[in-house]
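Colleague: One structure follows; several queries about it will come next.
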Amino acid sequence: GRGERSEEALNASLAGGDGVELDRLAFWRHCLAVATAAEQLAAAANAPDLRPGEAFVCGLLHDLGKMALDYVLPKSYGRVLELVELNQGNITEFERRIIGMDHHTAGKRLAEQWQLAHVVQDCIWLHGSPFDMLPRVGHRRMIGLISLADLIVRRNHLGYSGNFSFGLDPAHLAEALGLDMATVNRVAAGLHLELERRCASLGLTAEPSHELYIRSIQQANQMLGRLNAVLERRSRSSSRQGQLLDAITTFHASAMPGRGVEDVLASVVQSASSVLGKGFFATIRQSSTGPWIVSQFNEDGRATHSQIIETPSSCPDLRSIDASQPAAINIMGIMPWIVDFMSEAPDLRQMRVLPLGCGWGTAALLLHDRPVLPPWQQLLALSSSWGAAIASASQHDGARRLGEELADANRALAQTQDRLLQAESMARVGEMAAGAAHEMNNPLTVISGRAQQLAQWSAANSREQQAAQAIVVQAQQLSDLITGMRMYADPPTPKRRMVPLDAMLNNAVASARQQPDIPKALEDLELAIRLPDTPQDVLLDDELIGLAISELVLNAVQAPPRSSVKVNARIDAPRKRLVVEVIDDGPGMTEHTLSHAMDPFFSAKTAGRRTGLGLPRACIMAASHGGRVELRSVVDRGTTATLIVPLDSPA
């Protein structure tokens, strides 16, 4: 149940062995067969560039590089031969993989060293290449002839060549050489008898021709057996690859776009459990600020524990780890750091690390206790899908947080713009009031003076006297209105001094009670004042802040409240500020009223309303100290006005 061995695993298993040995007798029998076939084909072609004697020499030496590699590097070449037998492939591929050089190049260099003819050098170097890709040299057809002869011999299983690849088309080669397939087949049919004769002459074998036939058939059967074994291994490998592809498809279906990192990690563990088998799984990923986040999961893929730990000093940044190797990080290097967080691991000694890579590094580490894994090249595709999904979810989370921060910043910017526009509007109103104040106050002074004289000259309690007194009161209100508007152009400068908080608050409430336009509203109203338990002194301008508190109390009384108005004061020592709350249980404000409550001359009341400068005036007094006024209101439940004033020194 451990699955087939990959070529990488096979390489590892051969690392300590000697491989197999090259059967040199079978090798020279193959070379002699190629030489014989090449000689007969050249004779049949009857062409000036295909001389039979030259073809015989080229065919005899065409695989000289194999003998050279086996002589110089016998152990390494033995491993090459074993891999070829197991995989039934082209020997040149395994020569390059194990030795770093194939027999074509080795033979060519040896032929150059011996100063053999160029036609021999190129036949050794280029035989087996497609004819259309051969260079345009004078002996190009001789190279194709050796390729055709080698293909005929290998198809008849004469000798040993180590090449199980039959990619070339004999009909195409024959046509390029001016031969027909009937001639090629005739040469192949008589090759066994001719090879027997020449082997006997050279002392390579004493076997009669019928034994050569039998040996050829045996070799063909052996090749079929090996091919069946290779096909069986490849079938198992294809089945495993199909399972991994199904796992990738299933994982992508569960890890939908837009999901958070924790949800994607759970999908990764579920996918790993289905592919590797149920067991212990945990993940380590690096947060955007640097620390590691270690999570453990149950068999259903749900996180049971998640903790943040400082990055181990002995480990690099997780994102810089090479995820293309199965052992990119030593588990023992991080074990001391995470052992306290692996409470559910059955045996920490069995823990393994699988890096989950993405396009720009490693997204996370998967910790598991599975003893057997699929071949790394197959598992890499799945682990890369896991890593890419985790990285994508991390970026999505970051983009979502950035979007939320941008939304908050936009809201703050909009509020700031509103306040700026309001301040600019108030400044323009103040400038207008300042310019008109002088011209308006002079007529108002004359009107008020003449009205007072009329009141004195008129009979007591007469209609004339009451009318004159009304003119005096209204003139005074208009003068106060102009004075209030001038505050926007020339805000008052506070004169801070240490004053008792309780005295300032009591004076402010008393001042509100003495206002002439609301005596009846305060007759039966409970107005409760709540102060800190111990006497407190505050550093501020008690006249300005007292006026602001009076305006808030008057605004609360005008609500009107159902039963009471509460005034709560406290010192926020950590932030060094005074907080005064004025709370009423009146009808509250609608959203429209609350958004315009600080606007000058705005009032939700119609008949008998005040000027609408109370709350704006309180804001100006608070702003002179670097403070502010905040309103909270719920319809039918009342309103809370909060005055916040920074204190220059602790109270």
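Colleague: Out of region 453-478, which residues are open to solvent by less than 30 Å² (accessible area, probe 1.4 Å) and touching a Leu at 6+ places or on another chain (Cβ under 8 Å)?
Modeller: Of everything in region 453-478, those that are open to solvent by less than 30 Å² (accessible area, probe 1.4 Å) and touching a Leu at 6+ places or on another chain (Cβ under 8 Å) turn out to be 468, 475.
Colleague: Right, next: Give the residues of region 590-602 that are at pLDDT 80 or above and touching a helix residue (DSSP H, G or I) at 6+ places or on another chain (Cβ under 9 Å), sorted by residue number.
Modeller: Across region 590-602, there are no qualifying residues.
Colleague: Which residue out of 156, 163 is among the polar types (S, T, N, Q), open to solvent by less than 50 Å² (accessible area, probe 1.4 Å) and within 15 Å of residue 41 (Cβ to Cβ)?
Modeller: 156
Colleague: Turning to a different aspect of this structure: What are the residues in region 419-438 that are at pLDDT 70 or above and either on the phi > 0 side of the Ramachandran plot or surrounded by fewer than 12 Cβ atoms within 10 Å (Cβ to Cβ) (or both), if any?
Modeller: 420, 421, 424
Colleague: If you go through region 391-414, how many residues are in contact (Cβ under 8 Å) with a residue 60 or more places away in the chain, of a type in the set (Gly, Ala, Ser) and open to solvent by less than 40 Å² (accessible area, probe 1.4 Å)? Reasoning before the result, please.
Modeller: Here is the first cut: in region 391-414, the ones in contact (Cβ under 8 Å) with a residue 60 or more places away in the chain are 392-394, 396-398.
If we keep only those that are of a type in the set (Gly, Ala, Ser) as well, we get 392-394, 398.
Within this subset, residues satisfying the condition of being open to solvent by less than 40 Å² (accessible area, probe 1.4 Å) are 393, 398.
Number satisfying all stated conditions: 2.
Colleague: While we're here: What do you reckon, is residue 259 charged (D, E, K, R), surrounded by fewer than 19 Cβ atoms within 10 Å (Cβ to Cβ) and at pLDDT below 70? Don't jump to the end; show me each part of the working.
Modeller: Values: charged (D, E, K, R): yes; surrounded by fewer than 19 Cβ atoms within 10 Å (Cβ to Cβ): yes; at pLDDT below 70: no.
No; evaluated as a whole, the condition is false for this residue.
Colleague: Among the numbered criteria (1) at pLDDT 90 or above; (2) part of a loop (DSSP other than H, G, I, E, B), which single criterion is violated by residue 535?
Modeller: In the conditions (1) at pLDDT 90 or above; (2) part of a loop (DSSP other than H, G, I, E, B), residue 535 misses (1) alone.
Colleague: Within region 557-603, can you find the residues that are within 14 Å of residue 527 (Cβ to Cβ) and of a type in the set (Gly, Ala, Ser)?
Modeller: Answer for region 557-603, where residues must be within 14 Å of residue 527 (Cβ to Cβ) and of a type in the set (Gly, Ala, Ser): 559, 563, 564, 569, 586.
Colleague: Oh, and also: Any residue that is in contact with a helix residue (DSSP H, G or I) (Cβ under 8 Å, 6 or more places away or on another chain), outside any helix (DSSP H, G or I) and either at pLDDT below 80 or loosely packed, with under 12 Cβ neighbours inside 10 Å (or both) - is there at least one of those in region 382-390? Show your work before the answer.
Modeller: Let us first name the residues in region 382-390 that are in contact with a helix residue (DSSP H, G or I) (Cβ under 8 Å, 6 or more places away or on another chain), namely 382, 385-386, 389-390.
Next cut, outside any helix (DSSP H, G or I) only: none.
Within region 382-390 (the criterion being in contact with a helix residue (DSSP H, G or I) (Cβ under 8 Å, 6 or more places away or on another chain), outside any helix (DSSP H, G or I) and either at pLDDT below 80 or loosely packed, with under 12 Cβ neighbours inside 10 Å (or both)), the answer is no, since none of the residues qualifies.
Colleague: On to the next question. Could you please let me know if residue 454 is part of a helix (DSSP H, G or I), at pLDDT below 80 and hydrophobic (A, V, I, L, M, F, W, C)?
Modeller: So residue 454 does not fit the description; no.
Colleague: Is it fair to say residue 34 is surrounded by fewer than 24 Cβ atoms within 10 Å (Cβ to Cβ), modelled with pLDDT of 90 or more and part of a helix (DSSP H, G or I)?
Modeller: On the way: surrounded by fewer than 24 Cβ atoms within 10 Å (Cβ to Cβ): no; modelled with pLDDT of 90 or more: yes; part of a helix (DSSP H, G or I): yes.
No; evaluated as a whole, the condition is false for this residue.
Colleague: Is there a residue in region 331-353 that is at pLDDT 75 or above, open to solvent by less than 40 Å² (accessible area, probe 1.4 Å) and not in a helix (DSSP H, G or I)? Write out each step before concluding.
Modeller: Here is the first cut: in region 331-353, the ones at pLDDT 75 or above are 352-353.
Subsequent filtering for residues that are open to solvent by less than 40 Å² (accessible area, probe 1.4 Å) retains 353.
Narrowing further to those that are not in a helix (DSSP H, G or I): 353.
Yes, region 331-353 contains at least one residue that is at pLDDT 75 or above, open to solvent by less than 40 Å² (accessible area, probe 1.4 Å) and not in a helix (DSSP H, G or I).
Colleague: Output the residue which, of all residues in region 503-526 that are in a loop (DSSP other than H, G, I, E, B) and open to solvent by less than 50 Å² (accessible area, probe 1.4 Å), is modelled with the highest pLDDT. First the steps, then the outcome.
Modeller: The initial filter retains those residues of region 503-526 that are in a loop (DSSP other than H, G, I, E, B), namely 514-518, 524-525.
With the extra rule that they be open to solvent by less than 50 Å² (accessible area, probe 1.4 Å), the set shrinks to 518, 525.
Working: 518: 61, 525: 65.
Ranking the candidates gives 525 first.
Colleague: Right, something else. Scan region 134-150 residue by residue and report those that are under 12 Å from residue 58 (Cβ atoms) and either basic (Lys, Arg) or surrounded by fewer than 17 Cβ atoms within 10 Å (Cβ to Cβ) (or both).
Modeller: Across region 134-150, the qualifying residue is only 141.
Colleague: When region 53-74 is examined, which residues are found to be in contact (Cβ under 8 Å) with a residue 40 or more places away in the chain, open to solvent by 10 Å² or more (accessible area, probe 1.4 Å) and under 10 Å from residue 39 (Cβ atoms)?
Modeller: 54, 57
Colleague: Would you mention how many residues in region 174-189 are under 15 Å from residue 155 (Cα atoms) and either touching a Cys at 6+ places or on another chain (Cβ under 6 Å) or crowded, with 16+ Cβ neighbours inside 10 Å (or both)? Don't jump to the end; show me each part of the working.
Modeller: Taking region 174-189 and keeping what is under 15 Å from residue 155 (Cα atoms), we get 181, 184-189.
Filter once more, so that each one left must be either touching a Cys at 6+ places or on another chain (Cβ under 6 Å) or crowded, with 16+ Cβ neighbours inside 10 Å (or both): 184, 187-188.
Summing the residues that are under 15 Å from residue 155 (Cα atoms) and either touching a Cys at 6+ places or on another chain (Cβ under 6 Å) or crowded, with 16+ Cβ neighbours inside 10 Å (or both) in region 174-189 gives 3.
Colleague: Go through region 75-115 and report how many residues are open to solvent by less than 50 Å² (accessible area, probe 1.4 Å), assigned to a loop (DSSP other than H, G, I, E, B) and hydrophobic (A, V, I, L, M, F, W, C).
Modeller: The number of residues fulfilling the criteria is 1.
Colleague: Which residue is modelled with the highest pLDDT, if the candidates are limited to region 603-628 and must be of a type in the set (A, V, I, L, M, F, W, C) and farther than 28 Å from residue 542 by Cβ?
Modeller: The extreme case among them is 604.
Colleague: So, residue 499, is that one modelled with pLDDT of 80 or more, open to solvent by less than 70 Å² (accessible area, probe 1.4 Å), among the β-branched types (Val, Ile, Thr) and part of a helix (DSSP H, G or I) or not?
Modeller: Working: modelled with pLDDT of 80 or more: yes; open to solvent by less than 70 Å² (accessible area, probe 1.4 Å): yes; among the β-branched types (Val, Ile, Thr): yes; part of a helix (DSSP H, G or I): no.
No, not satisfied.
The values are calculated or read from the model by the stated rules, or taken from the named source; none is laboratory data. Everything numeric in this text was worked out from a predicted model, so none of it was measured. Every residue, glycine among them, receives a Cβ derived from its backbone with ideal geometry; neighbour counts consider all protein chains shown. Side chains included, ligands, DNA and RNA excluded: accessible areas come from the protein's heavy atoms. Shrake-Rupley method; radii C 1.70, N 1.55, O 1.52, S 1.80 Å.
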